[in-house]
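Q: One structure, as structure tokens, below. Some questions next.
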Amino acid sequence: MRIAIVKNAKELGERAFVEIKKVISEKPDAVIGFATGATPVALYEKMADDHKHGGLSYKQVKAFNLDEYVGVDPNGKASFKRFMADTLFSKIDIDPANTDIPNGMAQDLEAECARYSAAIKENPADLQILGIGENGHIAFNEPYTKPDEPTHIALLTASTRAANASAFKDPSLVPQYALTMGINEILTAKRILLLALGERKAQAIYDMIMGRDDTSCPATALRKHPDVTVVLDREAASLLTIKEWEKGSAQAEESAEAPATEQTEEAEQTPVAEQTEEAEQTPVAEQPAETEQAEEQPEVREEAAESAPEAEAETEEQVEETSAPVEEEVAESGPPTDEVPTYPEEQEEVAATYEDAGEEAEVEDLTVQEEPAQENRGKKKKKHRR
Ligand code: F6R
């Protein structure tokens, strides 16, 4: 799992667009899985703007959306179908015939779910965009959904209905049911891009990355996937701790050099004594399966090596903008230690380095150009609140 922390929604949109561009540049007829909601709006704006100014074409792209409410008029403002048309599809050159979304008005909802499952199976996504619910849902797979449920009728929780109420005249009008792609169906995507903004997502993000690996937080299923990029703002990342970022960095960097077996071994052998105060306070059972993550690293490495040159250039540029001073410090002092950055401003910088660990050359080049940030050393870290 690569994690990038950005300053605001606009940067999130730009960073996420790098992933879209990479995929569609390599494969113009890519299948993209789209999400609705407030979070991806900045990405969709960036896509529309890029397209307007002669950027990417989506003529051959196929689009599948994650979910749709049951019983909502697809032409009405609250429907996800309408949201996609208004926010994105009407602003790019995608062929409407190449867009699909579950039909929440179907006479036979079970048959509609089966149709959608078959369509996804036939067209596995090259890139799946995801948001995350405050309760850790992905698509409308609410807590305790069985991962192997294919596209199904989901009963929405009270918190999900409340979070989505703004699209409806009255909160009581938020439907109780939706049709949603299943968790394992989401995992069939070649790459996954999960986006989160705001403090109200912080607990779900913590749970997804560091929490107990079970269906109480459906997003933990993403740990099984070999190619997940998570883009967060500082607030959504605010419960994560430096130590977790260190681990992420160490694994990503090691994977660029070490074969899978060595990588796994190293992860298994990490002595407890090397863990920071924060990590020690986290019950072992709540920590993510390091071995599992380590096993997945080689595929991440391959992907980084295959990245399109333009996309790499964009990533480098973004890292330069957002992370230079602390990257300098990290590069100077070797692997991050307890003394490295305070929270939250500096953590963002470190994470940006980690995110691009597979593109080490770019990061290193960048660091030598900048002034050292001596004043950042030795500040007290913020502890997570769990
Ligand atoms: C929407 C979807 C949901 C949202 C999630 C976050 O298609 O699948 O899982 O991604 O509820 O919504 P926002 O972005 O509005 O906070």
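Q: Mind listing whichever residues of the range 114-158 are buried (at least 24 other Cβ atoms within 10 Å of the Cβ) and within 15 Å of Asp207 (Cα to Cα)?
A: Ile132, Gly133, Gly136, His137, Ile138, listed by residue number.
Q: Scan the range 107-122 and tell me whether some residue there is away from the ligand (no atom under 14 Å from the Cβ), closer than 13 Å to Glu68 by Cα and either among the aromatic types (Phe, Trp, Tyr) or in a loop (DSSP other than H, G, I, E, B) (or both).
A: Within the range 107-122 (the criterion being away from the ligand (no atom under 14 Å from the Cβ), closer than 13 Å to Glu68 by Cα and either among the aromatic types (Phe, Trp, Tyr) or in a loop (DSSP other than H, G, I, E, B) (or both)), the answer is no, since none of the residues qualifies.
Q: If you don't mind, there's one more thing I want to ask. Suppose the filter is modelled with pLDDT under 95, within 16 Å of the ligand (Cβ to nearest atom) and in contact with a helix residue (DSSP H, G or I) (Cβ under 7 Å, 6 or more places away or on another chain); does Pro143 pass it?
A: Details: modelled with pLDDT under 95: no; within 16 Å of the ligand (Cβ to nearest atom): yes; in contact with a helix residue (DSSP H, G or I) (Cβ under 7 Å, 6 or more places away or on another chain): yes.
No; evaluated as a whole, the condition is false for this residue.
Q: Within the range 184-206, track down each residue that is surrounded by fewer than 24 Cβ atoms within 10 Å (Cβ to Cβ) and farther than 23 Å from Gly13 by Cα.
A: Residues satisfying the conditions are Asn184, Thr188.
Q: Restricting attention to strands (runs of 3 or more DSSP E) lying wholly within the range 1-95, give those where 1 or more residues are more than 13 Å from the ligand (Cβ to nearest atom). Quick ask: steps written out before the conclusion?
A: On the way: elements: 2-6, 31-34, 62-65, 67-69.
Of the strands (runs of 3 or more DSSP E) lying wholly inside the range 1-95, those with at least 1 residues that are more than 13 Å from the ligand (Cβ to nearest atom) span 2-6, 31-34, 62-65.
Q: Kindly establish whether Pro102 is crowded, with 20+ Cβ neighbours inside 10 Å and either in the same structural domain as Pro150 (by TED's automatic domain parsing) or more than 21 Å from Lys27 (Cα to Cα) (or both).
A: On the way: crowded, with 20+ Cβ neighbours inside 10 Å: yes; either in the same structural domain as Pro150 (by TED's automatic domain parsing) or more than 21 Å from Lys27 (Cα to Cα) (or both): yes.
When the stated conditions are applied, Pro102 passes them.
Q: Can you pull out the strands (runs of 3 or more DSSP E) entirely within the range 135-228 that have at least 3 residues that are over 15 Å from the mean Cα position of the chain (by Cα)? Lay out the reasoning, then the answer.
A: Values: elements: 152-155, 177-180, 191-196.
The qualifying strands (runs of 3 or more DSSP E) are 152-155, 177-180.
Q: So, one more: Can you go through Leu43, Leu56 and tell me which one is among the aliphatic types (A, V, I, L, M) and touching a strand residue (DSSP E or B) at 6+ places or on another chain (Cβ under 8 Å)?
A: Details: Leu56 fails: touching a strand residue (DSSP E or B) at 6+ places or on another chain (Cβ under 8 Å).
Of Leu43, Leu56, the one residue that is among the aliphatic types (A, V, I, L, M) and touching a strand residue (DSSP E or B) at 6+ places or on another chain (Cβ under 8 Å) is Leu43.
Q: Further question: Output the residues belonging to the range 11-27 that are under 14 Å from the mean Cα position of the chain (by Cα) and within 18 Å of Pro124 (Cα to Cα).
A: Of everything in the range 11-27, those that are under 14 Å from the mean Cα position of the chain (by Cα) and within 18 Å of Pro124 (Cα to Cα) turn out to be Glu19, Ile20.
Q: Against the condition buried (at least 22 other Cβ atoms within 10 Å of the Cβ) and either within 13 Å of the ligand (Cβ to nearest atom) or modelled with pLDDT of 95 or more (or both), how does Ala219 come out, does it pass? Spell out how you get there, then give the answer.
A: Numbers: buried (at least 22 other Cβ atoms within 10 Å of the Cβ): yes; either within 13 Å of the ligand (Cβ to nearest atom) or modelled with pLDDT of 95 or more (or both): yes.
In short, yes.
The values are calculated or read from the model by the stated rules, or taken from the named source; none is laboratory data. All of these numbers come straight from a predicted model, not from anything done at the bench. Backbone-built Cβ (ideal geometry, glycine too); neighbour counts: all protein chains shown.
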